[in-house]
Amino acid sequence: MTRADATTYVALALVCLMLGMTASISQNDMQMRELDDVPEKSMTHAAPNIPGSTPGSIFSDTTISNARGTACMVRHNGTLACWGANDAGQLGNGQMEDGNYSEVPVEVIGVTGLTFREVAVGQFAACAITDTNELYCWGGGQFGQLGRPVCVYVGDDYYPCRYAQGKLPAKVHFPGNPNAEVRTIVGSDLSAHFCAIIDDGDVSCWGNNDFGQVGNGDWCSEGVTYSQIPAVGDNCNIYNGITRPQMVEMPENRSAIAVSVGMGNSCAVLDNNSLYCWGRSDTGSMGQGDDYLYKTTLAEDLVDWENQDWLNMTDATNFGEEGKAFMYPCPFGGTHWIEWTGKENNTLTGVTTDGFTHGFWAGSDVDFALQLEPIHVPMPNGTGVLAIDSGFSGHTAVLEDGNVAYWGFGNDDERWNSSPTLNPDLGPDVNRSVISFSQGPEHGCAILDNFEAWCGGMNNNGQLGLGNSTYYEDITPVVGAHEFAAIAAGGSWYSDNSRWNSTGWMAEVQSTCAINTTGGVFCWGSDNYGGLGNGGNGFASFPVEIWVEAGTDGTAMLGDRDPDGDGILGMLDELPWGCPAGYYVIDGSCTGVSEAGHYSPEFSESDWECQPGEFQPLAGQGFCIEASPGHYVSGSTATSQESCESGHYQPDSGQTSCLGADMGHETNNDATAQMMCGTGYYQPLANQSDCLAADPGNYVGSVGSTTQTECAPGTYSANLAASSCSLAFAGHYAPGNGSVAQTPCEPGTYSDELGLGECKVTEPGHYTSGSGSTFQTPCSMPQFQASQGQSECIDSNPGHYVDTDGAISEGACPAGTFQPSYGATECMDTNPGHHAPSEGTGDEVPCPTGQYQPDSGSIVCLTANPGSFVDSEGSSSQMDCGEGHYQPDSGSDSCLTADSGYYADGTGSEVQRECVPGTYQPDSGQASCIEAEAGNSAEGPAASSQVICSPGTYQPEPGRASCIEATAGAFVADEGSLDFEYCEVGTYQPSTGQSECLEAEAGYIVSLIGSLGQYPCEAGTYQPSTGQTECIDAQKGHYVEAEGSPSQTPCEAGTYQQLAKATYCIVAGANHFVPESGAFFQQPCPSGETQPEKGQTSCIAEQSSDSGGSVPGFAFIPAIVAISLAAIGSRRR
């Protein structure tokens, strides 16, 4: 099959899965899949329709398995090959011991002439199913995992179970079912037990049972004294194992379609796609959520364990009288288990342990660890389960919608996830629908609908196949673009501890093996003890093909996910193995339906005609029905059988005609035989169905008669078919000879002797109840009769009684008593909750609602008190109003529900109470009010809600009636605040109850946090921006005249200012000028110019003197001195 072909088939199957399953799968109604008369799986070596397998599923054959460093496969030719660890002989090659591991596949011996279709590897052992559905197991059996007792006792109490390893394959026998057909088999890395589905869906388990994982409703306790080695039958052996397969009783006797085993636990998928698990339960492996875990703590320090066989718990309510639990954390590391055989209050007695001798602290956790009966594991959204695989305490389930759910994973530092959770990286929502999942102790791998393999979990040995070795990875595609059809994740720690002479060597053996779509086998991960089967080439972090001997076919047999070739995965197919009886193949599918008068046996390609002597009234049947005795079918294709004609019979089945009855005979009701006419009957003709009854007045005294005989005078024959005539007897009379009947005395009359001509009338107080009475009968209490000639006595009426024989009247029941029945001898006191108000009461009267009566024999009912009610008729007591309810009135049939904003805080309340300010209650019917949360208020009284503090207000405490306004200089920005914030520097707030602060305006500053106001810049300073913390000094050549200025003013031309932070400008002096604004000094007039005025922007030419000369030189010198002095002064400032 090409990848395109295979992908097309799987895609077709997943269409059903994505659309919610139509005829191929029952999802919503969880209808039971029909498992009756499943055809025997046959092994063909043709290419499978959809290659691959799902571990533990009956709908495909698992041809590769991997556990604890050992892997096995079913070869293409049906033989078995294994590689890896062999410390208990689990390779099946007749060798064992730690040094006899194999780095290449070796053939399993001792199975000559057998061919196999499925294999499963477990702890120390392996098992395989033949193509005739028999189960063989080999390897180590000290825990009973071989399904047969193998321990030998040689007087060594240290290792009493010797020679239990290295066993060659032998058939597993199922008690009470010697011909059991095994559908599928599973094992586990860390729990030496196996489980199989046999026949039509029964689950059978055997091996280690220290937590009840074999499902027999019990567990093997360490405290048991074993006197028989080996233990046989259903007894526990010295290693807490059971060697004989145990039937697991499933709910409603449902059948299983998939099974898995983990460390101390087991699970099965039932035919309605529900999942049940049992066994060890302390690590979330039962999938019931945290509330399921029966958990308590040690009440006091455990110091002297060696001399103490009891433990005090803080609460042992949910612990049984005997059981098993885990304690942690151990002060010296790890966890330890305890078992007990008794319980007194919170003290466990008869306690034994796993051998630890140190103490535990008070407060140490103690988790109950036993689930002995299968318990339903609910899936997310109620989705059905198709398959399940387990490793350590964790499980992974493949769901009907293509998702996978996992639970029971974790470690001692973080609690185990105890409820099934969908894997977000897999499923149809991310286009990764899963059709198979293999779960190992530390990692797991999925096969998707496009034959991609995805692995996730621990990756310290490269077992995820990602091309690297890391600590942990989420589920990720395996590298190499392989198309894998089957996968097996396994291994954790290998420890050579299976034998009395074990070495104790240990190694990590985490690995994964898979089969591609052409049968090639690849492994990756740890190669310790040859676990990769690659000839000793070492560890691999990507898929590497196993070693194949030159010239041989090293491919594995491929399971078929679609055995009937209809394009639907077997685990989604209502008919996974082909056409059922009554259907036949048309154009490659089971669309042909046999017609009435025809039949189609299983796997037919056409329908067949029913032959003469047989018929079939229905379409779609797998067989024809033989004509039953008394019937016949004369032709072929008959849809019904014909009844034998009247007077004919047929004693045999499958006949084409009937036989005629002889004279003096008749046919029986079923027309299956002829019979001689009996006495009282006759028949003069042949071929008759019935004999004739002798007429009244006649009789037939012998069998086979053809005539009847008339009765003699003085006798009569009252009935048909009389064999003799009779004399009239007491209670009757005969009127004459040849009578056809004697006449019985009428009711109310009687005859106490023979031959009377008339009957006597009954006396008063007597009766004759029917015709033909021979005596009269006196009336018996509780009946009476006042008239004569009566045929019956009268029962006393309801409300009355008769307490003597021969009574001619009835007595009335007094008030407070009643009698509901006819024919009573006494009256009854009314029951509590009822009364009888008057005499002659037939039915006691129930107290109406609002009333009650606690006593018997009452005439009246009592009215319910305020705070109480009576809600039903016939109540013997009143009931207090429950919390959250009240009743102010008496005689009420219900209580009032406390309104929102109110509460009723106890039972028997007569009023509802307001919620006090600071509290509220949004709901009706409550027993208390709720404190307003911090950041909220409840003004009250009778507040029905809390009000969130608005911006500008806050409330730091709960239970307050109002919010607090923010103080001036502070603000509250958000609603629901617990405190205020001070205004930052540059901002201020003069008001209370504000949600923000104001920025200081231009010309103003705020230099402190929490300011109530802004402060103007003083004269000589300014501030052009808002929200500032300090003012700016006016620059030289500028001034700020007033406070609160947003800007500085440049000195006008003709003025100047040589100082910063000035509040004014200086007018230019005589003989000086300032030509432009913003000047910080004045200039002297240049030579030849003068300026007599102050505050001028320029100088003017000097006027000529009378002599016509210029300014004298002595006048110029003082000006230069003045300018120099001014410059010096400016620099100093």
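The values are calculated or read from the model by the stated rules, or taken from the named source; none is laboratory data. What you are looking at is a predicted structure, and each value in this text was computed from that prediction instead of being measured. Heads up, the Cβs are rebuilt from the backbone with ideal geometry, glycines too, and the neighbour counts pull from every protein chain shown.
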I need a count of the residues in segment 159-211 that are in a strand (DSSP E or B), hydrophobic (A, V, I, L, M, F, W, C) and out of contact with any Lys or Arg (no Cβ under 7 Å at 6 or more places or on another chain). 10
Subset of segment 632-662 that is among the small types (Gly, Ala, Ser) and on the phi > 0 side of the Ramachandran plot - its residue that is nearest to the chain's Cα centre (by Cα): 654
Suppose the filter is hydrophobic (A, V, I, L, M, F, W, C) and over 30 Å from residue 925 (Cβ atoms); does residue 861 pass it? no
Give me the pairs, please: first residue somewhere in segment 810-829 and without any contact (Cβ under 8 Å) to a residue 60 or more places away in the chain and at positive phi, second residue anywhere and in a loop (DSSP other than H, G, I, E, B) and of a type outside the set (Val, Ile, Thr), beta-carbon distance under 7 Å, and either six or more positions apart or on two chains. 816/836; 816/857; 816/858; 823/782; 823/796
Among the residues of segment 1042-1058, the number that are under 15 Å from residue 1022 (Cβ atoms) and either free of Cβ contacts under 8 Å to residues at least 24 places away in the same chain or among the aliphatic types (A, V, I, L, M) (or both) is 3
Confirm whether residue 843 is surrounded by fewer than 16 Cβ atoms within 10 Å (Cβ to Cβ), within 29 Å of residue 786 (Cα to Cα) and in contact with a Ser or Thr (Cβ under 7 Å, 6 or more places away or on another chain). no
The strands (runs of 3 or more DSSP E) lying entirely within segment 63-112 that contain at least 1 residues which are surrounded by fewer than 20 Cβ atoms within 10 Å (Cβ to Cβ) and among the acidic types (Asp, Glu) are 102-107
Within segment 575-595, does at least one residue satisfy the condition of being in contact with a Phe, Trp or Tyr (Cβ under 6 Å, 6 or more places away or on another chain) and farther than 27 Å from residue 640 by Cβ? yes
Members of segment 326-369 that are in a loop (DSSP other than H, G, I, E, B), charged (D, E, K, R) and either touching a Leu at 6+ places or on another chain (Cβ under 9 Å) or modelled with pLDDT of 90 or more (or both): none
Segment 1024-1041 - residue that is without any contact (Cβ under 8 Å) to a residue 24 or more places away in the chain and within 27 Å of residue 1067 (Cα to Cα) and, of those, surrounded by the fewest Cβ atoms within 10 Å (Cβ to Cβ): 1024
State which residue pairs qualify: first residue more than 12 Å from residue 518 (Cβ to Cβ) and surrounded by 14 or more Cβ atoms within 10 Å (Cβ to Cβ) and inside segment 545-558, second residue modelled with pLDDT of 95 or more and among the aromatic types (Phe, Trp, Tyr) in any location, beta carbons under 8 Å apart, and separation of 6 or more residues or different chains. 546/83; 546/522
Residue within segment 957-979 that is closer than 30 Å to residue 1096 by Cβ and of a type in the set (Lys, Arg) present: no
The residue from 824, 786 that alone is part of a loop (DSSP other than H, G, I, E, B), buried (at least 20 other Cβ atoms within 10 Å of the Cβ) and of a type in the set (A, V, I, L, M) is 824
One residue from 242, 238, 257 being modelled with pLDDT of 95 or more and of a type outside the set (Asp, Glu): 257
Note on residue 1077: of the conditions (1) in contact with a Pro (Cβ under 6 Å, 6 or more places away or on another chain); (2) farther than 20 Å from residue 1091 by Cβ, unmet is (2)
Could you check segment 425-479 and list, in sequence order, the residues that are charged (D, E, K, R) and either under 23 Å from residue 529 (Cβ atoms) or crowded, with 16+ Cβ neighbours inside 10 Å (or both)? 432, 442, 449
Being within 53 Å of the chain's Cα centre (by Cα), crowded, with 17+ Cβ neighbours inside 10 Å, of a type in the set (Val, Ile, Thr) and within 30 Å of residue 793 (Cα to Cα): is that true of residue 830 here? yes
For segment 606-617, does any single residue satisfy the condition of being hydroxyl-bearing (Ser, Thr, Tyr), part of a loop (DSSP other than H, G, I, E, B), without any contact (Cβ under 8 Å) to a residue 40 or more places away in the chain and more than 25 Å from residue 565 (Cα to Cα)? no
Kindly establish whether residue 629 is modelled with pLDDT of 95 or more, buried (at least 16 other Cβ atoms within 10 Å of the Cβ) and assigned to a loop (DSSP other than H, G, I, E, B). yes
Quick one: how many residues across segment 277-308 are closer than 30 Å to residue 205 by Cα, aromatic (Phe, Trp, Tyr), surrounded by fewer than 24 Cβ atoms within 10 Å (Cβ to Cβ) and in contact with a strand residue (DSSP E or B) (Cβ under 8 Å, 6 or more places away or on another chain)? 1
Is one or more of the residues making up segment 1011-1019 part of a loop (DSSP other than H, G, I, E, B), crowded, with 18+ Cβ neighbours inside 10 Å and of a type in the set (S, T, N, Q)? yes
What is the one condition in (1) touching a Gly at 6+ places or on another chain (Cβ under 9 Å); (2) surrounded by 16 or more Cβ atoms within 10 Å (Cβ to Cβ) that residue 384 does not satisfy? (1)
Select, from 544, 548, the only residue that is assigned to a loop (DSSP other than H, G, I, E, B) and of a type in the set (Val, Ile, Thr). 548
Here the qualifying pairs (Cβ atoms under 8 Å; residues six or more apart or on different chains; first in segment 692-719 and free of Cβ contacts under 8 Å to residues at least 60 places away in the same chain; second among the charged types (D, E, K, R) and part of a loop (DSSP other than H, G, I, E, B)) come out as 708/695
If we keep only residues of segment 350-367 that are surrounded by 16 or more Cβ atoms within 10 Å (Cβ to Cβ) and in contact with a Ser or Thr (Cβ under 7 Å, 6 or more places away or on another chain), then the residue nearest to residue 326 (Cα to Cα) is 366
Hits in segment 971-995 - residues which are closer than 12 Å to residue 1009 by Cβ and among the acidic types (Asp, Glu): 981, 984
If we scan segment 134-157, do we find a residue that is farther than 26 Å from residue 220 by Cβ and not in a strand (DSSP E or B)? yes
